[in-house]
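The values are calculated or read from the model by the stated rules, or taken from the named source; none is laboratory data. Owing to the predicted nature of the structure, the values given are computational and were not obtained by experimental measurement. Heads up, the Cβs are rebuilt from the backbone with ideal geometry, glycines too, and the neighbour counts pull from every protein chain shown. Calculation scope for accessible area: heavy atoms of the full protein, side chains included, ligands and nucleic acids excluded. Shrake-Rupley method; radii C 1.70, N 1.55, O 1.52, S 1.80 Å.
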Amino acid sequence: MAKLESTFKNMVLVLLGISLVASFALGAVYNLTKDPIAKAQQLKKEAAIKQVVPEFEQLEPVSVTPADGGDPVVINKAISGGEVVGYAVETYSDKGFGGKVLLMIGFLPDGTIFNTAVLKHTETPGLGDKMDASKSSFPEQFKNQNPESFTLKVKKDGGQVDAITAATISSRAFCDGVQRAYDAVKTEGGEK
């Protein structure tokens, strides 16, 4: 096979060929992994819902746009025996140190926090990632608290939440997400 002459035209053609092959390969891998990734994310979301509300028979999702005009918050009304037993709220905060923090917050019908779960975050490992119950007891302080009487701010900001050591910004983001979820439940008229 003869060696190609090193001209601008030949270099552009070779680079174009390599780019096309890489693009097709990337597209093929994306198409192969798209469905399994979506399925895994859905399973994680379903597990989080089961973790944050009492046992239920069916869910009724409702999308609520926050007063600040941000992304919609999804409220999953957990129903058992025809009665609402809780609300699993898929919420977020854009105030995380590493970016957006996605949470699932469970409320009882009276507005009391039943449990919390972290769905996704990009916080610093060993610091901000301690908002996850598998890494620390930080989320435990929210259980059985009603945001009407429990100020969802870190103590440094005049609230009642003990911040994660060296991760105050992540703690503030968690509080912001919980507050956003509570506000959505109140807006939807879920709290009694």
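Here S137 clears all of (1) open to solvent by less than 60 Å² (accessible area, probe 1.4 Å); (2) closer than 21 Å to A47 by Cβ; (3) small (G, A, S); (4) over 17 Å from the mean Cα position of the chain (by Cα) except the condition numbered (1). Is it true that P109 is surrounded by fewer than 20 Cβ atoms within 10 Å (Cβ to Cβ) and within 24 Å of D183 (Cα to Cα)? Spelling it out, P109 is indeed surrounded by fewer than 20 Cβ atoms within 10 Å (Cβ to Cβ) and within 24 Å of D183 (Cα to Cα).
Let's see how each residue does on (1) out of contact with any Cys (no Cβ under 6 Å at 6 or more places or on another chain); (2) open to solvent by 70 Å² or more (accessible area, probe 1.4 Å); (3) modelled with pLDDT of 95 or more:
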| position | (1), (2), (3) |
| --- | --- |
| L4 | yes, yes, no |
| F8 | yes, yes, no |
| L13 | yes, yes, no |
| L16 | yes, yes, yes |
| A25 | yes, no, yes |
| K39 | yes, yes, no |
| Q42 | yes, yes, no |
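Of the set (1) small (G, A, S); (2) on the phi > 0 side of the Ramachandran plot; (3) open to solvent by 10 Å² or more (accessible area, probe 1.4 Å); (4) in contact (Cβ under 8 Å) with a residue 40 or more places away in the chain, all apply to G126 but (4).
Keeping to the range 30-55, report how many residues are among the charged types (D, E, K, R), within 19 Å of the chain's Cα centre (by Cα) and closer than 26 Å to F107 by Cβ. Of the residues in the range 30-55, 4 are among the charged types (D, E, K, R), within 19 Å of the chain's Cα centre (by Cα) and closer than 26 Å to F107 by Cβ.
Taking residues in the range 167-186 that are under 15 Å from A117 (Cβ atoms), and partners anywhere that are assigned to a helix (DSSP H, G or I), the pairs with Cβ atoms closer than 6 Å and at least 6 places apart or on different chains are F174/M131. With the structure loaded, tell me whether V154 is open to solvent by less than 80 Å² (accessible area, probe 1.4 Å), over 25 Å from P125 (Cβ atoms), in contact (Cβ under 8 Å) with a residue 12 or more places away in the chain and touching an Asp or Glu at 6+ places or on another chain (Cβ under 8 Å) or whether it fails that test. For V154, the condition - open to solvent by less than 80 Å² (accessible area, probe 1.4 Å), over 25 Å from P125 (Cβ atoms), in contact (Cβ under 8 Å) with a residue 12 or more places away in the chain and touching an Asp or Glu at 6+ places or on another chain (Cβ under 8 Å) - is not met.
Let's see how each residue does on (1) surrounded by 12 or more Cβ atoms within 10 Å (Cβ to Cβ); (2) modelled with pLDDT under 90; (3) over 22 Å from F150 (Cβ atoms); (4) small (G, A, S):
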position: V53; (1), (2), (3), (4): yes, no, no, no
position: F56; (1), (2), (3), (4): yes, no, yes, no
position: A67; (1), (2), (3), (4): no, yes, no, yes
position: I75; (1), (2), (3), (4): yes, no, no, no
position: G81; (1), (2), (3), (4): no, no, yes, yes
position: Y87; (1), (2), (3), (4): yes, no, no, no
position: G96; (1), (2), (3), (4): yes, no, no, yes
